[in-house]
Each structure stands twice: as C-alpha cells, then as structure tokens.
Amino acid sequence: MQKAKQKAALQGALFITIASLLSKVLSAFYKIPYQNIAGDLGYYIYQQVYPVYAIALAFSTYGFPLVLSSYVAERLAKKDDKGAKDLVYATFMMLFVIGILCFFTLYIGSNSIAKFMRDDHLAMLIRVVSVGFLFVPITSAFRGYYQGLGDMGPTSVSQVIEQLIRVITILVLSLYLMQTTDNLYIVGAGAVSGSILGSIAAILYFFYWVSFRGSGLTIPSFGLLKTYRLELKTILYQGILLSLSSLVLVFIQFIDSLSFYPLLVQYGYHVEGAKLVKGIYDRGFPLIQLGSVIASSFSLALIPYLSSELVRKEHHSINNRISGAIRVSIVVGAAATIGLISIIHPTNIMLYRNDLGTDVLTVLCISIFFAGVSITTSSIAQGLGKSLIPALNVIAGGCVKFIGNVILMEQIGSKGAAYSTVSALIIVTILNLAYIYKLSKVTFFDFKFIVKLIVSVAIMYGCVYGYEYVFERYAMFINPLRLRMLVEALTSAVVGAIAFAVVLIKIKLFTVEELSSIVKSEKLKKWLS
C-alpha cells in the first residue's frame, strides 16, 4: 500500500514537472513570433516589463504553492481536513494583502518606475502588469491545496491553460493592434494584457474544477491570519526563497530592464538607437531559455525521485542521482551551447529576419551552459530541502550582473551586457556546485569526463562547420535568404545532434551505474553503454 502511494506521488510529481517544462517552452517560444510582429523596438518595449510578470508567475506557480502543499499534506495525514482548508484560506488572505500592496505600489508608482528606467511611456505597461499580482493569491491557494491533496492534475492543467491563453492572446492581439495603431507602446500593453487573461483562464478552470468535484468554497476570515501566523511566516519566507532560487534568468533580465537602456543613454547613445540596441540584445533570451530548458529538463525529472529517496534516507541512490543530474546537464548544456554557437548566424536570420546582433548573441549563447547547470543544481538543493543558499546565490549573481553592466557597457556597449550575463551565471553555477558538494560530498566529474566531453563537442562543432561550408557553397540557389537560412540552421542542427550522439555512445561518456540512476529503459541503457 505504501509503495503504491509513493508510486502515485512520483507519477504526480513527474506529471507536474512535464507541465512545467511545457509551460516554460511556451513562455520562451512566443517571443520569437512577437519580435517578428512588433520588430526590435516593440520587442524592447515588451521585454522591459516582462520580468515583473515572470516574478509574479513564479510566486503563483512554484514558490507559494509548493510550500503550502507540504503543510496541507501534513495536516491531511493527521486527518485534520478542516485545519488544512483553514490554512489554505489563511494563506490566501496573507497573499491577498501582499498582492494588493504590490498592485498599488506598481500602479501608483508606475510613473516613477518608468522615469527610473528612462522611458516615461513604459508607465502604461507597468500599470497593466501590476494587475497580475491580484491573481497570485487565488492561483497560489488553489495550486497549493490540490498539490497537498496529491492531485497534480489541476495544477498541471492550469499551468498549460494559463500559458496557452497568454501566448494566443499576445500574438493575436499584437497582430490586430499592429494593423490599427502606430503606437508600439499600445501594442506592448496589449501583449502584456495577455498575461492577465491567462491568469483569469487558470482561475476559471479552478472554479470549474471545484464545482465539478462538488467542493464548497467559503469566504475566508481575516481572523485566520492570527491563528496561523507562525505557519504563514514560514510559507512567506520559504515561498520567496523558492521563487527567487528558480528565477536566475528572470532576475538577470530584470536588472537589464533597470540598467541596460539608461546606461546606454548615459554613455551617449541616441534614445531611439538605445531602444533598438536593447531589443536586438533581447533576441538572445528566448534562445537561452529554450537551451537551458533542454539542458535542465531531463535532470529536473529526477528531482521527485530525489525528494522521495531523501525521506527514505537512501543516501547512495541520492548521490547517484545528484551526480547523474549534474553530469547530464553539463553534457546537454555543452552540446546545446556549442551547437547553437556554430549555427547562430543562420539561426538569427531564420528567427529574426536579419543578422543584427549576431556577435552579441554568440556571447549570450555561452549562458545556456551555465544557466542549465545552475537551474539543475538549484533544483537539487530544493529537492534536498535547502533553498536559502541558492536564493542568495541568485542575488550574488545579480550583483555581478549589475556591476558588469556598469563597467563593461561603457566600453563595448551591448556586448558588455552579454559578458556580464555570462559572468553572473558563472558565479551562480560555481556557488551552487560548491554548495551541493558541501551537502553531498559527491564528485560531479573527473578529468577523464571533461576530456571526453571536450572531444565530443569539438567533433560535433567540426562536423557542423564542415557541413555549413559545403552548404553555403552549393545551396545559393535556395531563395529567399530567410528560407535558405532556415534550411541551413535546421539541417546543421540535425548534423550536429547526430555527430554528438554517435561520439557520445562510442566514447562511453556515462557509466552503466550512472545510466541506471537516470535512465529507466533497459534497452536504452544497453544501447548507450
């Protein structure tokens, strides 16, 4: 019976992991067609306020629901159904108060924030995005409650619905507004409103689910805040830490929103030119997001098993999973980074219509490797019940990012911001790896592993380089240019992936023991080993 419960819990955790990964892919992918619709200037406008929405989303989908669910599960295990529901209502009331404060702070302070960002027109978008904080209490309470019940379906479905409605609204409304107005800030405000509609759709789904299950809702009392004040303090503290530790890329983008454009203007760039430079620079983040999702996705699927084994004190298995997760993120991250660098020129034209900023995107591609490893190590720490240090590491990386922007952008402009992004992620990765080593004493890799990895990516890069040389010499008949770049980028990616996979298998980069901890298929393990 106990094994059946554990199996169901793991299946639910994996289900929500898959839904979370799908949401992340959707969240990264839509930015590419949006840039094609609104252009680099319109993309700059949207990206300036996007990090604020992403922070609210992390609170409502990850941080608070995860902490609340553990308390709910604890009370339900003690047959205290009323206590579990009362705590959910108390959490809702606490987050409702905080959400109202965040809403009014952003709404009333929108003009001041826009002035600080050196772009008064952004005030309208900040007011729109502030509304998103009003929905955080509702979605957090619902997700936390159902996750505490062990029912991951509502949370998973709501995440996918929220992102689908958001992406569809952003793209459709942007297309419409581009035809009806020449004010790109109005187009940006319309795009931001897609986030609000996505949150409303998720909430409507939850209300439908409650009515379908026949569960009644009552009006919560503020008196519950006093009754559960100790639990609420922990939920608030842990929820913020968990959210922050998962927001390394968003935090970096947030710092760029506050500093990139103002610094360019301060260093003598023309206002409109600085906005375009920021929009071109921001082309890199969807690529980083997608790459880091690929680099960390397989490893993140191991985290539910890690948490389960921690409860059972299976330390040997835990160490194998930690080592396997980190090594997989290193291997996949290195392949994704070098692979994208090798095809960045045709990819830039394929996705964004021209090759502006290709040199900057090349530098930003390095971020994929460190973002993937930092996200994986942060998730491992959370799986071990440790969230404070990863959150502090993100803040440390943010400080490096800001200082790097100030120092480097004066000398080399947007490329300086790219280097500071890479530097920040390197710092977070090193600090996270050091912390995981301190917790587990696990050796992540040795010299032999590094040599084999370097050989693998070098051969992959050589194959892609040779293929592109031949392609560019004999495929000039493919027109228009963007179609030719599409064919070149996609076929080069296939060539690189095949070359890397073949070399990976031939040199046996992973041991059989490592494969046993990360691959369940016996046939696949035999083939890979």
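Quick rundown of the values:
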{"item": "Local electrostatic count, residue 404, Cβ distance below 12 Å [Lys/Arg +1, Asp/Glu -1]", "result": "0"}
{"item": "Cα gyration tensor shape for the range 43-98, rounded if a/c is under 1.5, else prolate or oblate", "result": "prolate"}
{"item": "Which of 446, 359 has the fewest Cβ neighbours within 10 Å, and the rest in rising order", "result": "446, 359"}
{"item": "Part-to-part distance (alpha-carbon centres) for the range 350-420 and the range 112-147, which is given in Å", "result": "23 Å"}
{"item": "Sites residue 445 and residue 473 - FRET efficiency at Förster radius 51 Å, r taken between beta-carbons, to 0.05", "result": "0.85"}
{"item": "Unit charges at the beta carbon, dipole of the range 246-529: most positive-side option, 261, 346, 357", "result": "346"}
{"item": "Karplus (6.51, -1.76, 1.60) ³J(HN,Hα), θ = phi - 60°, over the range 480-491, in Hz, Gly and Pro reported as x", "result": "x, 4, 5, 5, 5, 5, 4, 5, 5, 5, 5, 5"}
{"item": "The range 122-267 - charge dipole about Cα centre, Lys and Arg +1 at Cβ, Asp and Glu -1, debye rounded to 20", "result": "420 debye"}
{"item": "Extended-chain gain in nm, criterion 0.36 nm per residue less alpha-carbon gap, residue 438 and residue 266", "result": "57.6 nm"}
{"item": "Debye, to nearest 20: dipole size of the range 382-465, +1 on Lys, Arg Cβ, -1 on Asp, Glu Cβ", "result": "260 debye"}
{"item": "Simple label model, 7 Å out from Cα along Cβ direction - residue 100 to residue 458, nm", "result": "6.4 nm"}
{"item": "Pairs beyond 29 Å (Cα-Cα), from 386/508; 78/441; 82/233; 401/438", "result": "386/508; 78/441"}
{"item": "Dipole magnitude of the range 246-529, debye to nearest 20 (Cβ charges: Lys/Arg +1, Asp/Glu -1, about Cα centre)", "result": "740 debye"}
{"item": "Relative contact order [Cα under 8 Å, 6+ residues apart], the range 246-529, whole percent", "result": "24 percent"}
{"item": "Projected label distance in nm at residue 506 and residue 204, using a 7 Å step from Cα toward the beta-carbon", "result": "5.6 nm"}
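Just so you know, all these numbers are worked out from the coordinates, no wet-lab data involved. Just so it is clear, the structure is predicted and the values come from calculations on it, not from any experiment. Every residue, glycine among them, receives a Cβ derived from its backbone with ideal geometry; neighbour counts consider all protein chains shown.
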